[in-house]
Amino acid sequence: MNLNNLKPAEGSIKHSKRIGRGAGSGKGGTSTRGNKGAKARSGYHQKIGFEGGQMPIYRRLPKFGFKNINRVEYVGINIDTLNDLAETKNITDFNVEVFKQNGLISGKDRIKILGRGELNKTINVTAHAFSATAKQAIEAKGGAATVIE
């Protein structure tokens, strides 16, 4: 094997179709676009969702539902998660920065503490919202549940 006889494997190189380059090319004349009609013309663009004149699916299906643009989404964090962090990482004060550092929230997420699980330690939690059972469980162990305004 020498540099002068190197070539790619058979079939690995596909040559592009050369359209409109004369009758001898086999792709001349109409340039593979067929005869006449909008699709044969330059600049043809089909509307998104066009189904050949059939009633499009977005018009056949009924509309339903409502999306409230003022809805406030919360990321739920349960008490058992806080308890695990308190025991493994020895954290007693939980706030937005602590939740971000431990990968529980990202960006500007709003936090709601939920009541699943049990607490074994006294902890202080600062969050945007608390469920009634979560607030009760935190305060029963002598901790504080502070709401961020």
(request) Could you work out how far helix 79-88 tilts from the main Cα principal axis of the chain, as a 0 to 90 degree angle to the nearest 10? (result) 80
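Students often check this: by mean Cβ neighbours within 10 Å, which of 101-114, 7-20 ranks highest, and how do the rest follow?
The packing order, highest mean first, is 101-114, 7-20.
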(request) Indicate, rounded to the nearest 5 percent, the antiparallel portion of the DSSP beta bridges found entirely in the chain. (result) 5
(request) With a 10 Å radius around each residue's Cβ, average the other Cβ atoms per peptide and rank 79-91, 45-57, 26-38, highest first. (result) 79-91, 26-38, 45-57
(message) With n ≥ 4 as the cut-off for DSSP H runs, can you work out [θ] at 222 nm for the chain, using -39500 (n - 2.57) per run divided by the number of residues, rounded to the nearest 500?
(response) -5000 deg cm²/dmol
(request) May I ask which residue of Leu61, Ile79, Val125 lies farthest towards the positive end of the charge dipole of the chain, with charges of +1 (Lys, Arg) and -1 (Asp, Glu) on Cβ and the Cα centre as origin? (result) Leu61
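Mind sorting Val125, Val98 by how few other Cβ atoms lie within 10 Å of their own Cβ, fewest first?
By the 10 Å Cβ count, ascending: Val98, Val125.
Quick note: the coordinates plus some simple rules give every number you see, no bench work behind them. None of these values were measured; they are calculated from a predicted model. Virtual Cβ from ideal backbone geometry, glycine too; neighbours counted across all protein chains shown.
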